[in-house]
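What follows is a single structure, written as structure tokens, with notes after it.
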Amino acid sequence: MTLREELSEYAERSAGLIDDSPQMDEENTKRKIIEPLIELLRWNILSSDVELEYSVQMGSGTKKVDYALKREGTPVVFVEAKGCDTPLDQSHENQLKSYMRQVGVDWGLLTNGRKFEIFRRDVSSNRPNEISLAEFSIEDVPNNEDPLKALSQEYIDSGESRQIAKKIEAVQNAVASLRENKGTLAEDVTGEVTAVAGNAVSQQVEDAAKAFVDDLVETLEEQAHRTAVVQDPPRGDGSEDGEYVIRLTRNGRDAFRVAEDVQSEAVGSLVNYLIGEERLLDEIDIPYIPGTGQGSRALLNDEPTHPNGSEMRGQQRVSGGYYLLTNLSSEDKKRYVSELPEKVDLEIEFSDNW
């Protein structure tokens, strides 16, 4: 099951729980709505990577963040939770932002089970600022797969969370610019058209131009969190900025090429091709352990575990019902995945983005 399918099931189930108990308190909201989402994002709520009631020093006192999601003991995501019976307001947003700023945490999620808002800490200026990346309701969770992915353990580990944020923010900036300059754009279009058709149609043209900008803004906002794709000028290597491209060749001739916006999806597409078209499974043993074959972690297995029985944390289902480990750094993805095409006499190349 894909993450989007899991999110769809989660949203439907959670919306039903809220309908049955519209005044659900904070404790029940956490257990029934928020913690299942944290688990969907591949954080083990029972592990040391998730700390409840994390202490934050604020002035002379101490405050508590509901959930701190940690990597190697350091918080990377703060989750501030309220009950379904509590409408979110500016004070709650300011509360989460202050916690993120105080500790230097890059990602934040504010939710009452009904509404969700994701924040990213922007450190591009001398004064870091926490900006809203996405805001949506429980029903619209599946359409916000990409901003939710940015909070997942796998995407944070690989650095792909930053790429998702960059693309969403580019769309947000485009929308803001279109709104701000709608009048000027409409005037420019009207001037061009009336120069050809005459002033008799000027009002109709101006109205149509403004309506076009409004429709474009609406379309961009709808698509921004579904695909997080920004159409940038093509790169010289045939890819686009932000795309992760993998190219396979055999004897100098192209055999396969994949371009995805996130590394794990590119790797997954590659492995699907190797299994389905190049009979990779005839050439390797399952579980497949990369490197010397003596390690404890499987790159590919027929169940989501490693040879020692531990959970394959951060994995993707691929062709044949196998599980591919994707919770790897960019360099490890390149190094380990490069072994697979070699098994079927293919050469592999990665684009500069890797």
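The values are calculated or read from the model by the stated rules, or taken from the named source; none is laboratory data. Since the structure is predicted, the reported quantities are computational estimates derived from the model, not experimental observations. Don't worry about glycine lacking a Cβ; one is built from the backbone with ideal geometry, like all the others, and counts go over all protein chains shown. Heads up: the accessible areas ignore ligands, DNA and RNA and are worked out on the full protein's heavy atoms, side chains in. Shrake-Rupley method; radii C 1.70, N 1.55, O 1.52, S 1.80 Å.
Structural remarks
- Selection from 274, 8, 263, by position along the positive dipole direction of the chain (Cβ): 263
- Solvent accessible area, Å² - residue 292, 1.4 Å probe, full protein context: 120
- Gyration tensor (alpha-carbon) shape descriptor, the range 72-184, a/c threshold 1.5: rounded
- Among 112, 28, 143, residue whose mean-square fluctuation peaks in a GNM of the chain (springs only between Cα atoms under 10 Å): 28
- Dividing the summed helix terms, -39500 (n - 2.57) for each DSSP H run of n ≥ 4, by the number of residues in the chain produces a 222 nm estimate of -12500 deg cm²/dmol to the nearest 500.
- At the residue level, residue 317 shows approximately 120 square angstrom of accessible surface with a 1.4 angstrom probe and all protein chains present.
- Per-atom-type breakdown for the chain gives carbon and sulfur 44% of the accessible area (1.4 Å probe, protein chains only).
- Calculated accessible area for the chain comes out at 50 Å² per residue, all protein chains present (probe 1.4 Å; ligands, DNA, RNA ignored).
- Matching label, Cα extents along the principal axes in Å computed from the structure shown, candidates (i) 93, 68, 33; (ii) 75, 60, 45; (iii) 94, 59, 41: (ii)
- Restraint check, 30/166; 32/149; 70/149, Cα-Cα greater than 25 Å: 30/166
- Using only side-chain charges placed at the Cβ, +1 for Lys and Arg and -1 for Asp and Glu, the dipole size of the range 142-216 relative to its Cα centre rounds to 120 debye.
- Charge dipole of the range 1-156 about the Cα centre (unit charges at C-beta), most positive-ward option of 144, 91, 124: 124
- Gaussian network model of the chain, springs between alpha carbon atoms under 10 Å - residue of 221, 277, 51 with greatest fluctuation: 277
- Candidate lysines - alpha carbon under 17 Å from residue 210, same-chain residues fewer than 8 apart omitted: 182
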